[in-house]
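Student: Below: one structure in structure tokens.
The values are calculated or read from the model by the stated rules, or taken from the named source; none is laboratory data. All values reported here derive from a predicted model rather than from experimental measurement. Using ideal geometry, Cβ is built from the backbone for each residue, glycine included, and neighbour counts are taken over all protein chains shown.
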Amino acid sequence: MKAWKCTVCNYVHEGEFPPEKCPVCGADKSKFVEIQPSDEPDKSKPETAGSAISEPEKTETPAPQSLYQKITDLMIRHHAHPILVHTPNGILPIAAVLFVIAWLFDATLPAKAAAVNLVFVVLALPLVVYTGVLEWQRKYNQADTLLFRIKILAATLTCASCLISLIWFLVNPAVLSTSLAWIFILINLIMLASAGIAGYIGGKLVFKD
């Protein structure tokens, strides 16, 4: 049985031929490479005196990395993006629920609490987006598949709706008492749904599910 590895997300498929499309990241079959079994040394042939003496290998000294390269390498190695994305994915549902409560019961305190939550999300978003782009470039080779397009679109909608919601509330704290309150709530629901979609796709890529 042959084994094939997706060069985009490292998904491994077993079969005579690679799949038409990667079930994890959606990459085309051309992105699959066959995994070759490791070559074991042939122990049946006795070693000659000449072969026992190995010449020292010539290795090139790698160029020293800059501080920026070291930091980005650490971010990729220690999964900075999956860790940081817990901030918006954990806080945004709370903010959306608080805004809905404030709208239904005409209460100001839940709305203020929701706005404070959004402030922390907005502060975290630049680093979340940066590590996400970095991981897409370095780990997934900037794969241009439908799955990554949806994830990027969902992340963009999340950022945009979060900023619109926070700025709107700061400009008009009584927005939930106006006739435009339903639009404000709709923006928050779009924000919540987009964050959920981006998180779902991210989990699919991480766990190869």
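Student: What's the number of the only condition in (1) among the aliphatic types (A, V, I, L, M); (2) modelled with pLDDT of 90 or more; (3) touching a Lys or Arg at 6+ places or on another chain (Cβ under 6 Å) that Val8 fails to meet?
Tutor: (2)
Student: Next question. Among the helices (runs of 4 or more DSSP H) contained in region 100-209, which hold 2 or more residues that are of a type in the set (A, V, I, L, M) and touching a Gly at 6+ places or on another chain (Cβ under 9 Å)? It would help to see each step written out before you state the result.
Tutor: Values: elements: 109-138, 146-171, 181-207.
Of the helices (runs of 4 or more DSSP H) lying wholly inside region 100-209, those with at least 2 residues that are of a type in the set (A, V, I, L, M) and touching a Gly at 6+ places or on another chain (Cβ under 9 Å) span 146-171.
Student: Is region 116-134 home to any residue that is closer than 24 Å to Asp73 by Cβ, modelled with pLDDT under 95 and aromatic (Phe, Trp, Tyr)?
Tutor: no
Student: Restricting attention to region 16-32, which residues are outside any loop (DSSP other than H, G, I, E, B) and either assigned by TED's automatic domain parsing to the domain that holds Leu147 or not acidic (Asp, Glu) (or both)?
Tutor: Across region 16-32, the qualifying residues are Lys21, Lys29, Ser30, Lys31, Phe32.
Student: Can you tell me how many residues in region 113-129 are surrounded by 20 or more Cβ atoms within 10 Å (Cβ to Cβ) and either among the aromatic types (Phe, Trp, Tyr) or touching an Asp or Glu at 6+ places or on another chain (Cβ under 9 Å) (or both)?
Tutor: So the count comes out to 0.
Student: Of everything in region 55-71, what is basic (Lys, Arg) and at pLDDT 65 or above? Give them in sequence order. So that I can check it myself, show each step before the final result.
Tutor: At the first step, the residues of region 55-71 found to be basic (Lys, Arg) are 58, 70.
The answer is Lys70, and nothing else.
Student: Identify, by number, the condition in (1) surrounded by 15 or more Cβ atoms within 10 Å (Cβ to Cβ); (2) basic (Lys, Arg); (3) at pLDDT below 95 that Lys151 doesn't meet.
Tutor: The failed condition is (3).
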